[in-house]
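K.L.:
Quick one: structure below, then a few questions.
The values are calculated or read from the model by the stated rules, or taken from the named source; none is laboratory data. Given the structure is predicted, the values throughout are model-derived calculations rather than measurements. Every residue, glycine among them, receives a Cβ derived from its backbone with ideal geometry; neighbour counts consider all protein chains shown.
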């Protein structure tokens, strides 16, 4: 009935952002034939949006930094819900992964003595982020892209074919993973350009598809972030971990509508910007929680003195942690004191000279000037919280990236995987996460493929089913519902009921609404043909967005506490009992809903536990968990800054 | 707050097509890409367009707007008169796939023909470079690969026959970037650009620089220095001429 291209590979990497490209490089260096599948053109992945940098304790700016300090910062940032082993590997291996990029041609900003420069960022004790101005993500994508081209040139030199061992399938989307019993056997999808179908036959598949932000109305994420990898994993029998944790960045642009959700850097507030409501009131003083009261100024006068004299004054409340600021903005808008566009004002124009603003915030000046025609040296910005990052994701083995659940041969790395960041991710830990776990997933996917005795086979029945699913929206045509309308309804549900502040009744409502949407998603229709048809593409993405949204709503209802990227108005405190619980989602046996179960968080290894003071841990852990802390502290003494032995620098 | 505006959008594929008329709502603060998205959501769900970040950072939504090569996400509707018809067409230099989507594989081919960074014999972590030395190459690494420069360059815009021999401005600055990289071990970047990339075809009209959304000084900082240094061995009258030609904005500033 339909022609399907078939391509055999050893390793197929779905996703061409930082994690996917790094995984592909590693698998190719291990001698595997590798396909990279990119939903967009090569080099356009969402990684290009990352600004700040890649966190790695190279110690170039402050030599006191090392992997143990980075590990501690990461665990604190995640409120101790992180998979400790991932946080450990990440802290140990990030420097090597960043240095390696220089051998691929990356050009980071430098220190005076010629090393990679490192900048301060929220939650990091020392200057730690390797960066290139505010376009670090672009540098990373381009570097990895060019490394892949160089590997293709090597292959050309030895075989006469550029694509002999590593090929990029651009503008290609995967709709289903195909299995052979309990093993991965292939991936099925279509080319956006012409709508033709393609089957990759491969024993090992790496998911590196990024996040889920497009289920929300206001997001900093690009169109590709439809939770494809999360959904593919679920449907293949894998599990998702802690999907309730989403990071809402407090300052996204809300005006003009064209740029709604795009990030406004935290530095605006660090350099003197303040938040005001529509009545002109500097409202953050009303939102300082008790636990922070000692560290934050109570009057505008004191707050303003802090910028020049931080030793004798307390910090302005605009600099509270991201979740606090985001909640405050949300409350002001809900109370009717928002701007016409539904945000609040971020004002630096009335507080700093134009010269100062241009010197300190050049990219923000240009962002607003060019995208919004707003001169931030003269006018306030309109901002509000924006859905930025999903901490939850595919449950993986920390060392290998192998997906948990019932299926072998599936791996995940980067934002699509879960556990590394716990309940909240520190800025800068994403770019390093991509490199560390991208490399590991590629390495272990290659090893897995090597170890197989027989190549799994794709059955004709499962292939036909995948074809049928992909064609269904076109077959319904104009009889089906407009996918854009269904998408907007889904975004309304998630934005309004499973957003930044959550409460039981709304979450229960969201689950009902999502169940109703399931019927509508199953009935979307696409008019037009198969050639580059965005309506059809959206129709296929919708079922991914829906199932991932269900996981988030179910987990958010279950977790009755507030922690990191999950805030329950009805359970506003962090709960030490809940710190011991991971929430695991799987697809139910009939495939039309999500099952949820609780699973213990793995306990920290003794010497890692001992890296923290007992008094600090007491804020997060129960007494029983801390009974052996003295012994732990002793065993931590055996750790050394050069103790990164379970890791090696990858090949050039 | 919305008003109805008139759009003409090219629709079709490699077998042909035509401009189609749309009346569409436009709200305050919107950009051309927003209007294309509104057309998709309300009138033409299968209208093909590329886009990703919608913030001028990925270089996906390149198109021609009233004949000018631009990013759809960076072209504000307020730059047009209320009564002005906005005409949106695909990039002219590349073959149309469908509607506003073109086949830009030419650029990926040229990228592949460009010899990669040649690393020095130093262990990872041992690289030392001065900020002032990396900055020259960093300017070119700002490139978001929107290919507007490739599209506007008249060497290939209406001259399909030049494509095999000509890599285009995007890859001249890639050559310049590697040439100026403090640790790149190849010493023949300029000669390669001249012999294999068709640098000599460029006659420095600076159209590429004019359309660059990243404001990279493609001609002044990339192409001319490459040409100048090739000239050590080979006279190129265009270099002399190039120094006498100014961009429109430079003339206006005078």
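K.L.:
When residues of segment A:3-27 are filtered for being away from chain B (no Cβ under 14 Å) and either touching a strand residue (DSSP E or B) at 6+ places or on another chain (Cβ under 6 Å) or without any contact (Cβ under 8 Å) to a residue 24 or more places away in the chain (or both), how many remain?
P.N.:
14
K.L.:
Pairs please, first residue from segment A:359-378 and more than 14 Å from chain B (Cβ to nearest Cβ), second anywhere and not in a helix (DSSP H, G or I), Cβ atoms under 7 Å, 6+ apart in sequence or on different chains.
P.N.:
Hits for this filter: A:360/A:271; A:361/A:271; A:376/A:348; A:376/A:349; A:377/A:349; A:378/A:349.
K.L.:
Does segment A:172-187 contain any residue that is within 30 Å of residue A:475 (Cα to Cα), part of a strand (DSSP E or B) and within 11 Å of chain B (Cβ to nearest Cβ)?
P.N.:
No; the residues of segment A:172-187 include none that is within 30 Å of residue A:475 (Cα to Cα), part of a strand (DSSP E or B) and within 11 Å of chain B (Cβ to nearest Cβ).
Conditions tested, residue by residue: (1) assigned to a loop (DSSP other than H, G, I, E, B); (2) crowded, with 24+ Cβ neighbours inside 10 Å; (3) out of contact with any helix residue (DSSP H, G or I) (no Cβ under 6 Å at 6 or more places or on another chain).
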{"site": "A:399", "(1), (2), (3)": "yes, no, yes"}
{"site": "A:411", "(1), (2), (3)": "no, yes, no"}
{"site": "A:420", "(1), (2), (3)": "yes, yes, no"}
{"site": "A:423", "(1), (2), (3)": "yes, yes, yes"}
{"site": "A:435", "(1), (2), (3)": "no, yes, no"}
{"site": "A:438", "(1), (2), (3)": "no, yes, no"}
{"site": "A:442", "(1), (2), (3)": "no, yes, no"}
{"site": "A:455", "(1), (2), (3)": "yes, no, yes"}
{"site": "A:458", "(1), (2), (3)": "yes, no, yes"}
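K.L.:
Starting from segment B:79-101, keep only residues that are on the phi > 0 side of the Ramachandran plot, then list their pairs with residues that are assigned to a loop (DSSP other than H, G, I, E, B) and surrounded by 14 or more Cβ atoms within 10 Å (Cβ to Cβ) whose Cβ atoms are within a distance under 6 Å, requiring at least 6 positions of separation or different chains.
P.N.:
Partner pairs satisfying both residue conditions: B:99/B:47; B:99/B:48.
K.L.:
Which numbered condition trips up residue A:385, out of (1) modelled with pLDDT of 95 or more; (2) touching a strand residue (DSSP E or B) at 6+ places or on another chain (Cβ under 6 Å); (3) crowded, with 24+ Cβ neighbours inside 10 Å?
P.N.:
(1)
K.L.:
Hey, can you tell me all the residues within segment A:88-104 that are facing chain B (nearest Cβ under 8 Å) and either assigned to a strand (DSSP E or B) or surrounded by fewer than 24 Cβ atoms within 10 Å (Cβ to Cβ) (or both)?
P.N.:
Correct list: A:96, A:99, A:100, A:102, A:103, A:104.
The rows are residues; the columns are (1) more than 23 Å from the chain's Cα centre (by Cα); (2) under 18 Å from residue A:442 (Cβ atoms); (3) at the interface with chain B (Cβ under 9 Å from one of its Cβ atoms); (4) modelled with pLDDT of 95 or more.
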residue	(1), (2), (3), (4)
A:107	yes, no, yes, yes
A:116	yes, no, yes, yes
A:122	no, no, no, no
A:155	yes, yes, no, yes
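K.L.:
Have a look at A:510, A:489 and point out the one that is closer than 28 Å to residue B:43 by Cβ and free of Cβ contacts under 8 Å to residues at least 60 places away in the same chain.
P.N.:
A:489
K.L.:
May I pose another question? Among the residues of segment B:136-152 satisfying the criterion of being facing another protein chain (nearest Cβ under 9 Å) and assigned to a helix (DSSP H, G or I), which is farthest from residue A:48 (Cα to Cα)?
P.N.:
Checked segment B:136-152; the qualifying residue farthest from residue A:48 (Cα to Cα) is B:137.
K.L.:
Counting residues that are in contact with a strand residue (DSSP E or B) (Cβ under 7 Å, 6 or more places away or on another chain), modelled with pLDDT of 90 or more and under 23 Å from residue A:496 (Cα atoms), which helices (runs of 4 or more DSSP H) fully inside segment A:255-357 reach at least 2?
P.N.:
Ranges flagged: A:322-334.
K.L.:
Residue A:287 passes all but one of (1) under 26 Å from residue A:353 (Cβ atoms); (2) in contact with a helix residue (DSSP H, G or I) (Cβ under 9 Å, 6 or more places away or on another chain); (3) crowded, with 16+ Cβ neighbours inside 10 Å; which number fails?
P.N.:
Against the list (1) under 26 Å from residue A:353 (Cβ atoms); (2) in contact with a helix residue (DSSP H, G or I) (Cβ under 9 Å, 6 or more places away or on another chain); (3) crowded, with 16+ Cβ neighbours inside 10 Å, residue A:287 comes up short only on (1).
K.L.:
Does residue A:163 satisfy the criteria of being surrounded by fewer than 23 Cβ atoms within 10 Å (Cβ to Cβ), within 14 Å of another protein chain (Cβ to nearest Cβ), assigned to a loop (DSSP other than H, G, I, E, B) and touching a strand residue (DSSP E or B) at 6+ places or on another chain (Cβ under 7 Å)?
P.N.:
no
K.L.:
Does residue A:560 satisfy the criteria of being without any contact (Cβ under 8 Å) to a residue 60 or more places away in the chain and either assigned to a helix (DSSP H, G or I) or within 14 Å of chain B (Cβ to nearest Cβ) (or both)?
P.N.:
For residue A:560, the condition - without any contact (Cβ under 8 Å) to a residue 60 or more places away in the chain and either assigned to a helix (DSSP H, G or I) or within 14 Å of chain B (Cβ to nearest Cβ) (or both) - is not met.
K.L.:
Then there is this: Counting only residues that are in contact with a helix residue (DSSP H, G or I) (Cβ under 8 Å, 6 or more places away or on another chain), modelled with pLDDT of 95 or more and within 14 Å of another protein chain (Cβ to nearest Cβ), give me the strands (runs of 3 or more DSSP E) lying completely in segment B:1-94 with at least 1 of them.
P.N.:
B:3-13, B:16-26, B:62-65, B:68-71
K.L.:
For segment B:110-131, give me the residue count where each residue is part of a helix (DSSP H, G or I) and at the interface with chain A (Cβ under 9 Å from one of its Cβ atoms).
P.N.:
Adding up the residues that qualify gives 3.
K.L.:
Okay, moving on. Return yes when residue A:45 is crowded, with 23+ Cβ neighbours inside 10 Å, within 19 Å of residue A:418 (Cα to Cα) and either under 18 Å from the mean Cα position of the chain (by Cα) or at pLDDT below 95 (or both) and no when it is not.
P.N.:
The answer is no for residue A:45.
K.L.:
Within segment A:131-153, identify whether any single residue is more than 14 Å from chain B (Cβ to nearest Cβ) and either in a strand (DSSP E or B) or surrounded by fewer than 24 Cβ atoms within 10 Å (Cβ to Cβ) (or both), and answer yes or no.
P.N.:
no
K.L.:
In segment A:572-637, which helices (runs of 4 or more DSSP H) lie fully inside it and hold 1 or more residues that are in contact with a strand residue (DSSP E or B) (Cβ under 8 Å, 6 or more places away or on another chain)?
P.N.:
none
K.L.:
Those residues that are without any contact (Cβ under 8 Å) to a residue 60 or more places away in the chain and either more than 14 Å from every other protein chain (Cβ to nearest Cβ) or assigned to a loop (DSSP other than H, G, I, E, B) (or both), I need them from segment A:516-545; list them, please.
P.N.:
Those that are without any contact (Cβ under 8 Å) to a residue 60 or more places away in the chain and either more than 14 Å from every other protein chain (Cβ to nearest Cβ) or assigned to a loop (DSSP other than H, G, I, E, B) (or both): A:516, A:517, A:519, A:520, A:521, A:522, A:523, A:525, A:526, A:527, A:528.
K.L.:
Moving to a separate point now. Take the residues in segment A:488-502 that are surrounded by fewer than 16 Cβ atoms within 10 Å (Cβ to Cβ) and under 27 Å from residue A:423 (Cβ atoms), then tell me which one is nearest to the other protein chains (Cβ to nearest Cβ).
P.N.:
A:492
K.L.:
Report, by residue number, each residue of segment B:153-208 that is within 14 Å of chain A (Cβ to nearest Cβ), within 18 Å of residue B:113 (Cα to Cα) and not in a loop (DSSP other than H, G, I, E, B).
P.N.:
If the condition is that a residue be within 14 Å of chain A (Cβ to nearest Cβ), within 18 Å of residue B:113 (Cα to Cα) and not in a loop (DSSP other than H, G, I, E, B), then B:170, B:171, B:173, B:174, B:175, B:176, B:177, B:178, B:179, B:189, B:192 are the ones that fit.
K.L.:
Report the residue count in segment A:61-75 for those that are in contact (Cβ under 8 Å) with a residue 24 or more places away in the chain, in a loop (DSSP other than H, G, I, E, B) and surrounded by fewer than 23 Cβ atoms within 10 Å (Cβ to Cβ).
P.N.:
4
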